[in-house]
Amino acid sequence: MKETILVTGGAGYIGSHAVIELLKIGYKVVVIDSMEIGKIQFKDKNLKYYRGNIRNSKLLDRIFSENQIETVMHFAAYVSVPESIRVPEKYFLNNTYSTLCLLKSMKKNKIKNIIFSSTAAVYGENDTEDKIREDYTINPINPYGKSKYMAEEIIKDMSKDNKINYVIFRYFNVAGANEEQKSGQSNKKITALIPNILNSFNKKNKKFYIYGNDYDTKDGTCIRDYIYVTDLVEAHIKAIKFLKRNKNEIFNLGSENGFTVLEIIKTFEKVNKQKVNYEFKGRREGDSKKVIASSQKAKKILGWEAKTDISKILETALKWHQNKIEFLGSKNV
Ligand SMILES: NC(=O)c1ccc[n+]([C@@H]2O[C@H](COP(=O)([O-])OP(=O)(O)OC[C@H]3O[C@@H](n4cnc5c(N)ncnc54)[C@H](O)[C@@H]3O)[C@@H](O)[C@H]2O)c1
């Protein structure tokens, strides 16, 4: 039996996918999740859930004393950019301060390794034609991106006494669902393109807006990099081993491929044989024309690269969404 990994936010979208893959290869997993967004979707003899907030130091002390944990995968956070603009204090409390609380508890309990979920939002707006590398200018333009960047800075500073080792991953657009459909995106606050398209497939065929069709791209819409959730998780598993021999690195995780908004819509329409109900609006402030990751650093150092193509990403996401509608009834989705 391998070591035990603590997964914060392990009942959420990406965290639950990490749990699935860790269990598959023989890790024991302990989840802490407030269940504010996430839900318990599956059980396993090697999986233990604690319902609670990572700011609760007593609960963390208990978790660390009841389980032999060496590495923490820290996914717990709020993830909606529009909400972070409306209520920034929620994001600085839950994404920045909560990370500080977790690190303090880790130090107190002599837990060394943290793998932190950061975001490409730390780079903010860009006008580069190149793929974005980890040394690209940091300039988050919304409270969500800032809350994550501040957490990165706290992790770096708190690792200077060598009591904490970190890997920070900056994710690009995470998408898709587990192949066996054990989990998928269910966070209703998500306003990203793929969940928007999926919602438009509901019976109500809800309309959504595409901001800007006059960018200098092949069809005028913005280009983004989509990374399959299970590929992303694989990098985290490589990071567990990396932290045994090394310390303190930051990696982008993206597919290094870009697709326009309309390309994603057309692929979905083909897969689902149904038109997507969208309308164009003017450009939105802060949206860059093109955001594509360079993941060369992760390839070179971790031996990781994204494998899954966009059709499979969209197919698994669609299947999950359809199952969810059947399960809950479309009015609840
Ligand atoms: N989804 C993406 O495309 C994306 C992109 C970049 C970065 N990220 C990062 O990945 C991580 C996971 O995102 P996700 O999409 O799985 O989000 P999610 O909302 O599906 O999952 C987050 C989970 O954390 C839990 N949680 C939140 N605050 C908590 C707290 N203080 N204590 C305990 N549990 C708490 C929620 O209940 C939820 O289950 C986040 O840190 C996010 O910033 C996500």
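The values are calculated or read from the model by the stated rules, or taken from the named source; none is laboratory data. Nothing here was measured: the structure is a model prediction, and the numbers come from that model. Positions of Cβ are generated from backbone atoms using ideal geometry, with glycine treated the same way; all protein chains shown enter the neighbour counts. Heads up: the accessible areas ignore ligands, DNA and RNA and are worked out on the full protein's heavy atoms, side chains in. Shrake-Rupley method; radii C 1.70, N 1.55, O 1.52, S 1.80 Å.
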Cross-link reach from residue 275 to lysines, straight Cα distance under 18 Å and at least 8 residues apart if same chain, gives 203, 204, 206, 207, 266, 319
Please give the helix 310-328 orientation as an angle from the longest Cα principal axis of the chain, in degrees from 0 to 90, rounded to the nearest 10.
80 degrees
Just the number, please: carbon plus sulfur as a percent of the accessible area of the stretch 173-247, 1.4 Å probe, no ligands or DNA/RNA counted.
47 percent
Quick one: helix 229-245 against the long Cα principal axis of the chain, what's the angle to the nearest 10°, folded into 0 to 90?
30 degrees
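Express the accessible area of the chain per residue in Å², computed with a 1.4 Å probe while the remaining protein chains stay in the model.
Numbers: 15620 Å² over 333 residues.
Ligands and nucleic acids excluded, the result is 47 Å² per residue.
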For residue 188, counting only aspartates and glutamates whose alpha-carbon sits under 15 Å away and dropping same-chain residues fewer than eight positions off, the answer is 36, 83
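Considering only the chain, what is the antiparallel percent among its DSSP beta bridges, to the nearest 5?
Values: 2 of 43 bridges.
Of all bridge pairs located within the chain, approximately 5 percent are antiparallel.
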Cβ-placed point charges (K, R +1; D, E -1), dipole of the stretch 166-285 about Cα centre in debye, nearest 20
520 debye
Starting from the Cα coordinates of the stretch 181-261, work out the convex hull volume and express it per residue in Å³.
151 Å³
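Could you give the alpha-carbon Rg of the chain over 2.2 N^0.38 Å, rounded to two decimals? Please report the intermediate quantities before stating the final value.
On the way: Rg = 19.3 Å, N = 333, 2.2 N^0.38 = 20.0 Å.
Taking the Cα Rg and dividing by 2.2 N^0.38 Å, one obtains 0.96.
Mind checking the stretch 19-108 for chymotrypsin sites (Phe, Trp or Tyr not before Pro) that DSSP puts in a loop (not H, G, I, E or B) and that have at most 14 other Cβ atoms within 10 Å?
Numbers: sites: 27, 42, 49, 50, 64, 75, 78, 91, 92, 97; in loops: 27, 42, 75, 78.
Passing sites in the stretch 19-108 are 42.
Show that you can apply the helix-only estimate: for the chain, add -39,500 (n - 2.57) for every DSSP H stretch of four or more residues, divide by all residues, and state [θ] at 222 nm to the nearest 500. Intermediate results must be reported in sequence, preceding the final value.
Values: 10 runs with 115 residues, N = 333.
Rounded to the nearest 500, it is -10500 deg cm²/dmol.
For the stretch 1-101, which whole-number percentage of the solvent-accessible area (1.4 Å probe, protein heavy atoms only) is attributable to carbon and sulfur atoms? It would help to have the intermediate numbers written out before the result.
Working: 2340 of 4480 Å².
Carbon with sulfur: 52 percent of the solvent-accessible area.
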Summing Lys, Arg as +1 and Asp, Glu as -1, what charge do residues with Cβ under 11 Å from the Cβ of residue 312 carry, residue 312 excluded?
-2
What number, in percent, do you get for the relative contact order of the chain if the mean sequence gap of Cα pairs under 8 Å and at least 6 apart is divided by its residue count?
18 percent
Over the alpha carbons of the stretch 207-333, what is the largest minus smallest coordinate on each principal axis, giving the biggest first in Å?
50, 41, 24
Extreme residue, positive dipole direction of the chain, given options 117, 72, 165 (C-beta unit charges)
72
Acute angle (nearest 10 degrees) that the helix 13-24 long axis makes with the longest principal axis of the chain, alpha-carbon atoms:
60 degrees
In debye, nearest 20, what is the charge dipole magnitude of the stretch 1-148 about its Cα centre with +1 on Lys and Arg Cβ and -1 on Asp and Glu Cβ, if you could check?
880 debye
Rounded to a whole number, what is D in µm²/s for the stretch 38-156 from Stokes-Einstein with the Kirkwood radius over alpha-carbon pairs (4 °C, 1.567 mPa s)?
82 µm²/s
Projected onto the charge dipole of the stretch 103-223 (unit charges on the beta-carbon of Lys, Arg, Asp and Glu, signs +1, +1, -1, -1), the Cα from 106, 209, 191 with the largest positive-side position is that of 106
